[in-house]
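Undergrad: Following this message is one structure expressed as structure tokens.
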Amino acid sequence: MHWHSAVFRLGLAIALGLVLPGLESLPALAEAVPFKCMILPGADVASILMTNAMTSDASCIVTCKFATTKYDNNPQITCAKPVPSGKEVEMCRLTSGGDRLVKLTGGHADCARY
């Protein structure tokens, strides 16, 4: 065996020895899930609902952003908590801060297995 072939094999073995153990600690991939960002009657509170559509319990996060009657006041809320498989839960509520909520301007939700 040539010395450069042996060095290559040794380098490959070292690299794999460093990389493979790290693969166990990679974060779980998140999946997009159904959610609802609703303005409640009175227009000063929003309710954030989401459904864990995955086949197992998961850690879920949802973000909703709203427009208000006041210029440049766009409250946003992000909620995170564990959600059982197949369940719809209220993640949290957001108050408008004194201005009426007008409409949802954006949002997203996803869950990752434990």
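The values are calculated or read from the model by the stated rules, or taken from the named source; none is laboratory data. Given the structure is predicted, the values throughout are model-derived calculations rather than measurements. Heads up, the Cβs are rebuilt from the backbone with ideal geometry, glycines too, and the neighbour counts pull from every protein chain shown. Ligands, DNA and RNA are excluded from the accessible area calculation, which covers all protein heavy atoms including side chains. Shrake-Rupley method; radii C 1.70, N 1.55, O 1.52, S 1.80 Å.
Undergrad: Out of segment 66-86, which residues are open to solvent by 80 Å² or more (accessible area, probe 1.4 Å) and at pLDDT 95 or above? Walk me through how you get there before you give the answer.
TA: Pass one, segment 66-86, residues open to solvent by 80 Å² or more (accessible area, probe 1.4 Å): 69-72, 76, 82.
Correct list: Pro82 only.
Undergrad: Please work out which residue is surrounded by the fewest Cβ atoms within 10 Å (Cβ to Cβ), limiting yourself to segment 92-114 and to residues that are touching an Asp or Glu at 6+ places or on another chain (Cβ under 9 Å) and in a strand (DSSP E or B). Write out each step before concluding.
TA: Step one: filter segment 92-114 for residues touching an Asp or Glu at 6+ places or on another chain (Cβ under 9 Å), giving 95-101, 110-114.
Restricting the remaining residues to those that are in a strand (DSSP E or B) gives 95, 101, 110-113.
Working: Thr95: 11, Leu101: 24, Asp110: 18, Cys111: 25, Ala112: 14, Arg113: 14.
Selected residue: Thr95.
Undergrad: Given the conditions (1) open to solvent by 40 Å² or more (accessible area, probe 1.4 Å); (2) over 12 Å from the mean Cα position of the chain (by Cα), and given that Ala43 satisfies all but one, which numbered condition is not satisfied?
TA: Going through the list (1) open to solvent by 40 Å² or more (accessible area, probe 1.4 Å); (2) over 12 Å from the mean Cα position of the chain (by Cα), Ala43 breaks only (1).
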